[in-house]
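Chemist: Here it is, the structure in full.
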Number of protein chains: 2
Amino acid sequence: MGKSQALQTNLDVDYVISYRFAQADKATTIAKFEKLIEGLSSVGLQTEVRNGEKHSLLVFVRVASDEHLFGEVYRSRVRDWIHGVRAAAPPKETREALEAEPLYEAERLRIIYQLITNPESEGGAGITPKEGEWGHVESIFALHDHAYNKDWIKKWSTSYVLKMEDLDDIRNRLGEKIAFYFAFTQSYFTFLVFPAVFGASAWFFLGHFSPVYGIVSTIWCTIFTEYWKHQEIDLGVRWGVRGVSRIETKRKDFKHEKSITDPITGEKVLIFPAAKRLQRQLWQIPFSLAAAVMLGALIATCFGIEVFISEVYNGPLKSILVFLPTVILTTIMPVLTSILTNFATQLTDYENYETHGAHETALTQKIFVMNFITSYLPIFLTAFIYVPFGNIIVPYLDVFSLTVKPFADDEKQMQAPEAGWTINPDRLRKQVIYFTVTAQLVNLGMELIVPYLKRRGFSKYKEFRSERAAKSGGAIPSPDINDPPEDAAFLKRVRQEAELDVYDVTGDLREMVLQFGYLSLFSVVWPLTAVSFIINDWIELRADAIKICIEMQRPTPWRADTIGPWLDSLSFLTWLGSLTTSALVYLFSNDGLGPDGHPSSIAGWALLLTVFFSEHAFFLLRWGIRVAISKLDSPGLQKERRERYLVRKQYFEENLSQLRKIPKMADVGAKVTRASLEEDARAASLQESTPETRFWGRQKGWRETVAVGKNLIEKAEVESPEWKKEL
Amino acid sequence: MGKSQALQTNLDVDYVISYRFAQADKATTIAKFEKLIEGLSSVGLQTEVRNGEKHSLLVFVRVASDEHLFGEVYRSRVRDWIHGVRAAAPPKETREALEAEPLYEAERLRIIYQLITNPESEGGAGITPKEGEWGHVESIFALHDHAYNKDWIKKWSTSYVLKMEDLDDIRNRLGEKIAFYFAFTQSYFTFLVFPAVFGASAWFFLGHFSPVYGIVSTIWCTIFTEYWKHQEIDLGVRWGVRGVSRIETKRKDFKHEKSITDPITGEKVLIFPAAKRLQRQLWQIPFSLAAAVMLGALIATCFGIEVFISEVYNGPLKSILVFLPTVILTTIMPVLTSILTNFATQLTDYENYETHGAHETALTQKIFVMNFITSYLPIFLTAFIYVPFGNIIVPYLDVFSLTVKPFADDEKQMQAPEAGWTINPDRLRKQVIYFTVTAQLVNLGMELIVPYLKRRGFSKYKEFRSERAAKSGGAIPSPDINDPPEDAAFLKRVRQEAELDVYDVTGDLREMVLQFGYLSLFSVVWPLTAVSFIINDWIELRADAIKICIEMQRPTPWRADTIGPWLDSLSFLTWLGSLTTSALVYLFSNDGLGPDGHPSSIAGWALLLTVFFSEHAFFLLRWGIRVAISKLDSPGLQKERRERYLVRKQYFEENLSQLRKIPKMADVGAKVTRASLEEDARAASLQESTPETRFWGRQKGWRETVAVGKNLIEKAEVESPEWKKEL
């Protein structure tokens, strides 16, 4: 089997489990391995084992028979129905059900993954990679569909716009969670067209800090955020996952404090007191403060040094020293961030959430705080500290003269000229351009090129090492020595895929949301921001596709009906944008060219009034947009309504058909004869006579009521009565 | 049957329909009457007709047999289940279902009412009072349960606090919608204890405009609003109505523009374009502005006159003229309000909503705007116009000298003394006291005493009129001349009840919400506000009970799971309170005694900063309170969880029991012998050999995979590999 052919087929393999045994004694390893294979087989999975790289085994897994799979699919669909994700219960005959609603690839892979990882009580094998007794199981991954991947990248890189079908395709292959990321980015990209065009015009005709641009930009951000919420629902219905986030999956790491058996339902409930969790969550406040102080101090220090060196310092080596803050930032920041991220993870673990969803949300929130500080604080410092208070603060930057002392020739070079120093009006714009162009490009490069270089370097290193080992005689046997020749190429490819990283869509989503932040918060400084982003995002979408295909293991297809906690971040940034944009416009638009550097002309009350007014105009606007968008109909909502209607109709028919039609009231009493009256009287005297029976016995049947009523009406006075006129 | 006995029994009557025929020709009237009775009988209702007051007939209605009712109950419960109000489908056997879940009185009455009024397509008789062809049907009402009413009023008037059981009782008798009003008022009453105690202490120790009181009060308002939302859910579950507001009842008056038959479901959909409605809704803006301008102008004028007369004018008749603005207000305001209300109703009709819920919400919003202006504008004018800008504005009040010109002796009496005039520091407090004590008392009196007097006066007038008519010989025959003696007392009572007004719970709710507004917006002016309210509300709760029992027809028991659009008003007032309270504290707390009347000392930026800070502190606080309250567990939520769990369990068992347990994988391959290998090879050569079958055929059964894996592990190097150490 040649290399190209090895890329064409996955040999029916559903999943590959990488089992690493390097560090344990062989007896345990073998026992665990046996347990693993037995567990897989007990849930109806067929296995094949092969040698892997670096003391690992590769266990190939596939579903033994269609019948096994059908059962699982049916079980999953019943669960969906009970949780309200599906409108109707799935038809009972499994094969028939599958024909009516064919399985798509992502669904199949998800169901098999859940079959492997779900706890035994839920019908799975309970094999959770890297957790508890399954520490040896390094990863469980599906194999890439290289033919599809090739087509995918080719198609995307040659088309300007992604169509709905392209997103459907991703959903079918990689699952809804990743499809939601691409849908979001694509939607954002499409929406960017307007601010790009408008921003370019504003840049030409209105200049920087144009109030008109500010207003339009805020409106645009609000519409985008609200429209995306609407679109999420639509996509959720389209992909049949609406309400999926309500299906809560329990965390295995959740530690309960007591377990109670519900006296009524008999359900065993694991309890961790909410008050205790709230107490633990309160640690978030000192954590956020500490993170803010640490990151803020670092950024502020570098900012101070930078201002000092570039604007005050006048000695030798200035052109080199100017990079000092960048060096400090790029060395300390990653360390600090990783320490804080680690801390955030531990704090979230400590908060001990019961479900994966709650855990992820809590973690995302903490990370967003950190990202917010590192991404936006520098610009905030420039706009709201450096410019208005620069004249007051800069003289105190003398403290940073320490950093340049070794290089300065005399003291004078380190002192601000008495009157000559003015605020650099271009600093803010330059900074915004740096963050919205340079930093985005660097980021893109890091994402695509660095992993490539890493992979290349690593494989070179491996070659070198095995050569050296071969020379020294202690050669590690290559894992492929026993491979049958016809599978060799395929196995080599699988071994490569096993070494790849696991793709996490959260990181990519974060990137987009943070990018949106620059637009909503600071684009009024430099209206071309959106132009830069639209170019960047066109590439980003393709780069992410390439990354998933080449740099990463094939991701497990999870379901989602939202971009999750990032939605809140989006709303938050939009709101904050209404504050910063108005403040920036007020602070800097006086001369229409840039900051004037004269804080004395800024009136506190006018600034506050501007911000106050802008914020409330934003609230009103957002409310209006929400109302308007909620009225929009969409294919998804129509589909949902139809499904609900059909289900309702069906249930009604099923349940009410047995209720016999209520018969009309007895048609007696058409004629009242003396005989019948006498008989009634006899009947009344025979049975026990109560006031009720006598009252209701006076008119028998509706015809008699009509007759009596007719009589009463006819007897009434003809003319309209007096009291009516008088009133 | 004596009078007391007539109050004891309702003679099994479920509903009474008052049919008025005064203004139409007799033939039509009789035809319509026949149609009415036939319609009632067609849905299984038994009828009796008697003479009513003033050219009307009273049609007594009861369900003919239990079987009829059971069918309707079952139908209603199935509908609830389909809409997600009930967790599980009701058991199919109707009598059994009723034994498991007995019918409560309000449910019974609601179902019968719907049987009468629902359109024929939904199984009802389609008789809608005062609408379309049923213009003659004046009202459909149930009879009061006087024994219960007596107990109710007695119990409430002798107990300090209402218990949950009392609310349950109301729900069982009068339905959830009214029960929600009482539950809200009771909850509000209980919550008032804290601000009453704290307010009294603040009044003693902190004085007016205390920042501490302001902060505590805002926190309290926020907690109350958020907690009520939580409680609504709890009550909804307790009363089995959670989600009931999702069941949308179509409006009969809805005018569709086109009707489409859905190609997929076959459902007939009536369409009114959303864009067109949005266009019509835009009229709300000029309407609100017009209402604001008209009401505002009236209030501002009266305010100006009042200030002028009481503080500038110094001529004769001052003590009488001071009442001039009150006279103007009390004469013009009701006229203006009723014109505007009428207009609001028409506008809402014009907006053409499809469902009752949407219609009611739209109307309530418009009315709230008007109420807001009439209730709070006077205080706003004093606090934010009169005090800060009084010195500038008051000299211009000369225009109002026209109003007193006829009474003034000379011009001087109508001119403000050049320098002597100062702002009346007590005006704001007096005004708040007026609105929170006097106006509340007046309101209570109007609600209880005026209808009583009206009723008395009307019956006196009737006596007088019939006496006069008897004298002049043209006596209208009394409706009771044909009554059988044993029913006479009962029928007299029914005739009285037919003349009573229809109770609308919205008015009472509005009153409470507006009262809450005074507390959240202005209580910092006079911290005893809550003390006044707590006394007022204790009486209000009882007065409303009496009103329902005596002044009104027995209300039709509707369901509800919320206080509806008033909830938004509550949130709005709480939010606005965070603005006004901080502004009032900043404006007036300088000397701790009252407004100092020196607007020059007010710094605009500081005021804005205070308000800005306060508002955002409020947002943060509200978010925190929401999070904290969402963690609270409650009996209702527990109940709901339990029900859901049981249903889930049941469905799973029902649906999955048929899926046979997946068998373990074939237990072959325990021993690999030469014979078996040869056989495999033969088998492989016989069937078509694909790479897949060969790949998956190497290890047969899980035991063989284990054996191969064991072998691979054992062959691997013992020591931890070099690369691990190096990395």
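Chemist: For the range B:132-158, which positions are within 19 Å of B:Tyr104 (Cβ to Cβ), of a type in the set (D, E, K, R) and in a helix (DSSP H, G or I)?
Modeler: B:Asp151, B:Lys155, listed by residue number.
Chemist: Right, next: With respect to the numbered conditions (1) of a type in the set (Lys, Arg); (2) surrounded by fewer than 16 Cβ atoms within 10 Å (Cβ to Cβ); (3) in contact with a helix residue (DSSP H, G or I) (Cβ under 6 Å, 6 or more places away or on another chain), which one is the sole condition not fulfilled by A:Lys366?
Modeler: The single condition A:Lys366 does not satisfy is (2).
Chemist: Just to check your reading of the model, which residue among A:Tyr651, A:Tyr645 is closer than 30 Å to B:Ile82 by Cβ, facing another protein chain (nearest Cβ under 8 Å), surrounded by 14 or more Cβ atoms within 10 Å (Cβ to Cβ) and modelled with pLDDT under 75?
Modeler: Unique residue meeting the criteria: A:Tyr651.
Chemist: Inside the range B:48-67, can you point out the residues that are out of contact with any Leu (no Cβ under 8 Å at 6 or more places or on another chain) and within 7 Å of chain A (Cβ to nearest Cβ)?
Modeler: B:Glu48, B:Lys54, B:His55
Chemist: Any residue in the range B:159-168 that is touching a residue at least 12 places away in the same chain (Cβ under 8 Å), surrounded by fewer than 16 Cβ atoms within 10 Å (Cβ to Cβ), in contact with a Ser or Thr (Cβ under 8 Å, 6 or more places away or on another chain) and not in a helix (DSSP H, G or I)?
Modeler: Checked the range B:159-168: at least one residue is touching a residue at least 12 places away in the same chain (Cβ under 8 Å), surrounded by fewer than 16 Cβ atoms within 10 Å (Cβ to Cβ), in contact with a Ser or Thr (Cβ under 8 Å, 6 or more places away or on another chain) and not in a helix (DSSP H, G or I).
Chemist: Could you check how many residues of the range A:610-620 are crowded, with 17+ Cβ neighbours inside 10 Å and hydrophobic (A, V, I, L, M, F, W, C)?
Modeler: Selection size over the range A:610-620: 3.
Chemist: Let me ask another. Evaluate the range B:26-41: report whether one residue or more is over 15 Å from B:Leu491 (Cβ atoms), at pLDDT below 80 and out of contact with any Phe, Trp or Tyr (no Cβ under 7 Å at 6 or more places or on another chain).
Modeler: yes
Chemist: Please work out if A:Glu138 is farther than 26 Å from A:Ile546 by Cα, of a type outside the set (Gly, Ala, Ser) and either surrounded by fewer than 20 Cβ atoms within 10 Å (Cβ to Cβ) or assigned by TED's automatic domain parsing to the domain that holds A:Met552 (or both).
Modeler: No.
Chemist: All but one of (1) in a helix (DSSP H, G or I); (2) within 14 Å of chain A (Cβ to nearest Cβ) hold for B:Phe287; state the number of the condition that does not hold.
Modeler: Failing condition for B:Phe287: (2).
Chemist: So, one more: Looking at (1) charged (D, E, K, R); (2) buried (at least 21 other Cβ atoms within 10 Å of the Cβ); (3) more than 21 Å from the chain's Cα centre (by Cα), which is the only condition B:Lys150 fails?
Modeler: It fails just one condition, (2).
Chemist: Just checking, how many residues over the range B:99-131 are among the hydrophobic types (A, V, I, L, M, F, W, C) and more than 19 Å from B:Ile247 (Cα to Cα)?
Modeler: Matching residues across the range B:99-131 total 4.
Chemist: When A:Leu45 is evaluated against the numbered criteria (1) more than 8 Å from every other protein chain (Cβ to nearest Cβ); (2) touching a residue at least 12 places away in the same chain (Cβ under 8 Å), which criterion, by number, is the only one it fails?
Modeler: (1)
Chemist: From the list B:Arg108, B:Arg62, B:Arg86, exactly one residue is of a type in the set (Lys, Arg) and assigned to a loop (DSSP other than H, G, I, E, B). Which is it?
Modeler: B:Arg86
Chemist: Restricting to the range A:308-329, give me the number of residues that are of a type in the set (S, T, N, Q) and under 34 Å from the mean Cα position of the chain (by Cα).
Modeler: 1
Chemist: Report, by residue number, each residue of the range A:17-35 that is more than 9 Å from every other protein chain (Cβ to nearest Cβ) and surrounded by 22 or more Cβ atoms within 10 Å (Cβ to Cβ).
Modeler: A:Ile17, A:Ser18
Chemist: Right, something else. I'd like to know if the range B:625-637 contains one or more residues that are in a loop (DSSP other than H, G, I, E, B), modelled with pLDDT of 70 or more and surrounded by 14 or more Cβ atoms within 10 Å (Cβ to Cβ).
Modeler: yes
Chemist: Quick test for you: out of B:Ile264, B:Ile299, B:Ile305, B:Ile332, pick the one residue that is in a loop (DSSP other than H, G, I, E, B) and over 24 Å from the mean Cα position of the chain (by Cα).
Modeler: Unique residue meeting the criteria: B:Ile264.
Chemist: Among the numbered criteria (1) touching a helix residue (DSSP H, G or I) at 6+ places or on another chain (Cβ under 7 Å); (2) more than 29 Å from A:Leu587 (Cα to Cα), which one does A:Thr190 miss?
Modeler: Against the list (1) touching a helix residue (DSSP H, G or I) at 6+ places or on another chain (Cβ under 7 Å); (2) more than 29 Å from A:Leu587 (Cα to Cα), A:Thr190 comes up short only on (1).
Chemist: In the range A:537-588, which residues are in a helix (DSSP H, G or I) and of a type in the set (D, E, K, R)?
Modeler: A:Asp537, A:Glu540, A:Arg542, A:Asp544, A:Lys547, A:Glu551, A:Asp568, listed by residue number.
Chemist: Here is a further query. For the range A:215-227, which residues satisfy the criterion of being buried (at least 20 other Cβ atoms within 10 Å of the Cβ) and either not in a helix (DSSP H, G or I) or not β-branched (Val, Ile, Thr) (or both)?
Modeler: Correct list: A:Ser217, A:Trp220, A:Cys221, A:Phe224, A:Glu226.
Chemist: Go through (1) modelled with pLDDT under 85; (2) more than 25 Å from B:Thr331 (Cα to Cα) for B:Arg427 and report which single condition fails.
Modeler: (2)
Chemist: Of A:Leu491, A:Leu521, A:Leu514, which residue is within 30 Å of A:Asp12 (Cα to Cα), among the aliphatic types (A, V, I, L, M) and either without any contact (Cβ under 8 Å) to a residue 60 or more places away in the chain or in a helix (DSSP H, G or I) (or both)?
Modeler: Result: A:Leu491 is the single residue among A:Leu491, A:Leu521, A:Leu514 that is within 30 Å of A:Asp12 (Cα to Cα), among the aliphatic types (A, V, I, L, M) and either without any contact (Cβ under 8 Å) to a residue 60 or more places away in the chain or in a helix (DSSP H, G or I) (or both).
Chemist: Does the range B:308-326 contain at least one residue that is part of a strand (DSSP E or B), in the same structural domain as B:His256 (by TED's automatic domain parsing) and touching a residue at least 12 places away in the same chain (Cβ under 8 Å)?
Modeler: For the range B:308-326, residues part of a strand (DSSP E or B), in the same structural domain as B:His256 (by TED's automatic domain parsing) and touching a residue at least 12 places away in the same chain (Cβ under 8 Å): absent.
The values are calculated or read from the model by the stated rules, or taken from the named source; none is laboratory data. Everything quoted here is computed from the prediction, not taken from an experiment. Using ideal geometry, Cβ is built from the backbone for each residue, glycine included, and neighbour counts are taken over all protein chains shown.
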